[in-house]
1. Can you pull out the residues in segment 34-53 that are assigned to a loop (DSSP other than H, G, I, E, B) and under 15 Å from the mean Cα position of the chain (by Cα)?
2. Could you tell me whether segment 52-70 includes any residue that is under 17 Å from Lys3 (Cβ atoms), modelled with pLDDT of 85 or more and among the polar types (S, T, N, Q)?
3. Among the numbered criteria (1) assigned to a loop (DSSP other than H, G, I, E, B); (2) at pLDDT 90 or above; (3) farther than 14 Å from Gln78 by Cβ, which one does Ser18 miss?
4. Consider segment 71-90. How many of its residues are in a helix (DSSP H, G or I), among the hydrophobic types (A, V, I, L, M, F, W, C) and either under 17 Å from the mean Cα position of the chain (by Cα) or at pLDDT 85 or above (or both)?
Amino acid sequence: MYKTMFLEDLFKSGFPMSIFAWNQCWESEWNQIFAKNALKHWNYLHQQGELKIFLINPKDNTHNNKSLILMRWFRGKQEDLKNDKLVPEALSKKASQKQKSRWRKK
C-alpha cells in the first residue's frame with residue numbers, strides 16, 4: 001500500500017523512473033529530489049506508526065539524521081553496484097552464506 005502511494009507520488013511529480021540515478025553522485029539534482037520524496041514518505045510512515053519495529057529514538061528522529069542515513073544507504077548500494085555485488089550470482093552466494101551462518105548459531 002505505501003509503496004504504491006510512493007510510486008504514485010513520484011509519477012504525479014513527473015518522475016519517469018522510480019529509482020535513484022546510481023550512475024550519478026548523491027548530490028546530483030535527480031538524486032536530491034528523489035531523496036526528498038523518499039524522506040517525505042519516511043516521515044509519513046513514521047507518523048502512521050509503521051516504523052515502530054525499528055525502535056527509533058525520538059531525539060534521533062531529526063531531518064538531518066534521516067538524510068544522513070539515506071545518504072549512507074545510497075552510497076553503499078552505489079558501491080555494491082559498481083562492484084557487481086548485486087548480480088544474481090553474488091546475491092545467491094550471499095544468501096547461501098547467510099543460511100550457513102544461521103546453522104552455526106543453532
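The values are calculated or read from the model by the stated rules, or taken from the named source; none is laboratory data. All values reported here derive from a predicted model rather than from experimental measurement. All Cβ positions, glycine included, derive from the backbone under ideal geometry; neighbour counts span all protein chains shown.
1. Result: Leu51, single match.
2. No, segment 52-70 contains no residue that is under 17 Å from Lys3 (Cβ atoms), modelled with pLDDT of 85 or more and among the polar types (S, T, N, Q).
3. Of everything listed in (1) assigned to a loop (DSSP other than H, G, I, E, B); (2) at pLDDT 90 or above; (3) farther than 14 Å from Gln78 by Cβ, Ser18 misses just condition (2).
4. 4
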